[in-house]
1. With no solvent and one point on each alpha carbon, what is the Debye value of log10 I(q)/I(0) for the stretch 4-284 at q = 0.12, 0.14 Å⁻¹?
2. Please build a GNM for the chain, connecting alpha carbons under 10 Å apart, and tell me which residue among Thr23, Thr100, Thr110 fluctuates the most.
3. If I model a spin label at Trp286 and Thr98 as a point 7 Å from the Cα along the Cα→Cβ vector, what separation in nanometres do I get?
4. With unit charges on the beta carbon (Lys/Arg positive, Asp/Glu negative), name the residue among Asn137, Ser49, Val232 whose Cα is farthest towards the positive pole of the charge dipole of the chain.
5. With a ≥ b ≥ c taken as the square roots of the eigenvalues of the C-alpha gyration tensor of the stretch 26-134, please select rounded if a/c is under 1.5 and otherwise prolate if a/b is larger than b/c or oblate if it is not?
6. Please compute the net charge surrounding Ala250, taking Lys and Arg as +1 and Asp and Glu as -1 over other residues with Cβ under 15 Å from its Cβ.
7. Can you give me the C-alpha center-to-center distance between the stretch 156-176 and the stretch 244-305, rounded to a whole angstrom?
8. For the chain, what does -39500 (n - 2.57) per DSSP helix run (n ≥ 4), summed and divided by total residues, give at 222 nm, in deg cm²/dmol to the nearest 500?
Amino acid sequence: MTYHLPAGKTASGSYAVDVTPETAGWGHSSLRVLHLPPGGGHTFDSGDSEWIILPLSGGCTVVTADDFGQDAFELTGRDSVFSGVSDFAYVPRDSRTTVTSHGGGRFALTGARCTRRLPSRYGPASSVPVELRGTGNCSRQVNNFGAAAPAGGGGEQGFECDKLIAVEVITPGGNWSSFPPHKHDEHRPGKESVLEEIYYFEFAGHESVPGLGYQRVSPSGQGRGTDVLAEVRDGDVVLIPDGWHGPSMAVPGHHMYYLNVMAGPGTERAWLICDHPDHAWVRDTWPDRPVDPRLPLYTAPERSA
């Protein structure tokens, strides 16, 4: 099994990226990246999966219909993943959805096989929690648009899905993220959940020079023994069925973006992780160091009154 999928490797029809449970060799997580020209449109059936449609660049109209009726959502979108938080749309399983774009653009479809059918919904950009995680050269920004509510509460709310968890991470050039390395490949109630994960990468260029980064996944003793050390570029995907994942390294001068899509077999939708015992101490050093002053790269827009 190949876990690093360079740009174009999974392209299919209108999709620049098309990762399904069947092609990934697992049970739940999916990712499609849809490219639409100006005035273009695309229709898909959600089947047995729930989906969040997230603009990467450009805006779109999302119309979803099923036996219960039809809903339409206008997504303002954004210029790029480095320019701002985006609004998004959730569409349920067993529905048919059409995405159209007047100006064209690129749109991520993050999916997960599920059992419950939840209502279609619009997610405003102003509702997306923007988190700064880590400090020093481990600083990164996390846009928690499709995150589950944190374990233990704490007043934060996630976006309701049945199985799907999806977030965006921006790592400033020269920084390390997904560090300490961590895993979620064992069911340990209250401590660790089993989640298949997809990383999709984009990079900020500099004077027409494209960016790049590096992704490490090392065996944890569980599952397939996944082992990856990959140079990643725009449009690349890394599949993580198991293993310690991290660091994700952004080369100096080029900000790194990755979209994480996760889902698993557990009855509880929860992101519970275990840090690598050799590197967990790094987390204890964060309170003594400032957050990278380049962050946040941007914040969510203010909620309208």
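1. Reported log10 I(q)/I(0), two decimals: -0.71, -1.00.
2. The residue with the greatest mean-square fluctuation here is Thr23.
3. A separation of 4.5 nm, rounded to one decimal place.
4. Selected residue: Asn137.
5. Details: a/c = 1.61, a/b = 1.19, b/c = 1.35.
It is oblate, given that a/c is not under 1.5 and a/b is not larger than b/c.
6. Summing Lys and Arg as +1 and Asp and Glu as -1 gives -1.
7. 7
8. -500 deg cm²/dmol, from helical runs alone.
Since every read-out is calculated from the coordinates, none of them should be taken as a lab result. Everything numeric here is computed off the predicted structure, so don't read it as measured data. Cβ atoms come from the backbone with ideal geometry, glycine included; neighbour counts cover every protein chain shown.
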